Amino acid sequence: MLIALLTISFPPLAAETDSEKKNFGTFGGSLLMASDYMFRGISNSNLRPQVQGDFNWSHEGGLYAGVWASNTDFGGDGNSMEIDPYIGFSRDIGESNFNFDIGYWSYNYPGSELRLDYAEVYTYLNYESGKFSASPSVWWTDNYFGEDFLDDVSALAYEVTLGYEFCEGLASSVRVGEQTFGSGNDDLDFTYWDIGVDYTLGDWSIGLRWHDTDGVSPFLANPKLADGEMVFGVTRSF
């Protein structure tokens, strides 16, 4: 488990008028250090620590874009880094408690000797009322983990996340999902879930989360990488 924290600082931008800020949008990001990199219940860092960064831009009109990056350790020689650009659009639905979010996420592994790059399109429907929130979502790709893994095999992941804020800064959430496969590969389908708590104070957040799966085929991942695991993480937002 990591015991050191990193911080990122940026030089101040030139002064802008309120109108310019409103029209141009806002930059932000985060840095996470965690005891493992879990993706739908499977370790993508071979049960080792993760350093993850995200830098993004958003506009009050709903458009957003960014780049997400992390260390990895799977998929053959040379695969030690994942870099994921993404773009999406999010808006409230009238005066209701609902919000929708649609987008495109590209997974890229620049150091891998295998062609594992692929992309997913996603849709969220978010609901929030008081201290309770619910977010069902679907993620679809036409080529799961690239040409050298399941070439031309489509995959659909659907999941729901339920959250509750106990008090200011302290919240809990649970997520349950299923990863399914097309083209006659439904024997590879598996279920994943995670549950945990997060405490936020200012720009810092700490989290403790249990991840687990059911039905992961050894063809998809070594069974030890999909066995239940507790993950601890610290996030710095900026």
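The values are calculated or read from the model by the stated rules, or taken from the named source; none is laboratory data. Because the structure is a prediction, the values reported are computed rather than measured. Neighbour counts are summed over all protein chains in view; Cβ atoms, including those assigned to glycine, are modelled from backbone coordinates with ideal geometry. Each accessible area value is taken on the protein alone, full model and side chains, heavy atoms only, with ligands, DNA and RNA left out. Shrake-Rupley method; radii C 1.70, N 1.55, O 1.52, S 1.80 Å.
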- request: Pick out the one residue from S183, S133 that is more than 16 Å from F39 (Cβ to Cβ), of a type in the set (S, T, N, Q), open to solvent by 30 Å² or more (accessible area, probe 1.4 Å) and assigned to a loop (DSSP other than H, G, I, E, B).
  value: S183
task: State yes or no: is F149 open to solvent by 60 Å² or more (accessible area, probe 1.4 Å), in contact (Cβ under 8 Å) with a residue 40 or more places away in the chain and either assigned to a strand (DSSP E or B) or closer than 30 Å to N222 by Cβ (or both)?
output: yes
Yes/no for D212 being closer than 11 Å to G41 by Cα, assigned to a strand (DSSP E or B) and of a type outside the set (S, T, Y): yes
query: Out of all the residues in the stretch 41-60, which are open to solvent by less than 90 Å² (accessible area, probe 1.4 Å) and either at pLDDT below 50 or among the acidic types (D, E) (or both)?
result: D54
message: Return the residues of the stretch 74-96 that are out of contact with any Pro (no Cβ under 8 Å at 6 or more places or on another chain), open to solvent by 60 Å² or more (accessible area, probe 1.4 Å) and either within 16 Å of L31 (Cα to Cα) or touching a residue at least 12 places away in the same chain (Cβ under 8 Å) (or both); say none if nothing qualifies.
response: D77, S80, I87, F89, R91
query: Out of all the residues in the stretch 186-215, which are in contact with a Phe, Trp or Tyr (Cβ under 7 Å, 6 or more places away or on another chain), under 19 Å from S154 (Cβ atoms) and open to solvent by 30 Å² or more (accessible area, probe 1.4 Å)?
result: D189, G215
field: Scan of the stretch 224-235 for residues that are open to solvent by 40 Å² or more (accessible area, probe 1.4 Å), more than 14 Å from Q50 (Cα to Cα) and touching a residue at least 40 places away in the same chain (Cβ under 8 Å), ordered by number
entry: K224
message: Of the residues M38, M33, only one is at pLDDT 95 or above, in contact with a His (Cβ under 6 Å, 6 or more places away or on another chain) and closer than 21 Å to R236 by Cβ; which?
response: M38
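Residues are listed down the side, and each one gets a yes or a no for (1) touching a Lys or Arg at 6+ places or on another chain (Cβ under 8 Å); (2) under 19 Å from G41 (Cα atoms):
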| position | (1), (2) |
| --- | --- |
| E147 | yes, no |
| V153 | no, no |
| L170 | no, no |
| G177 | yes, yes |
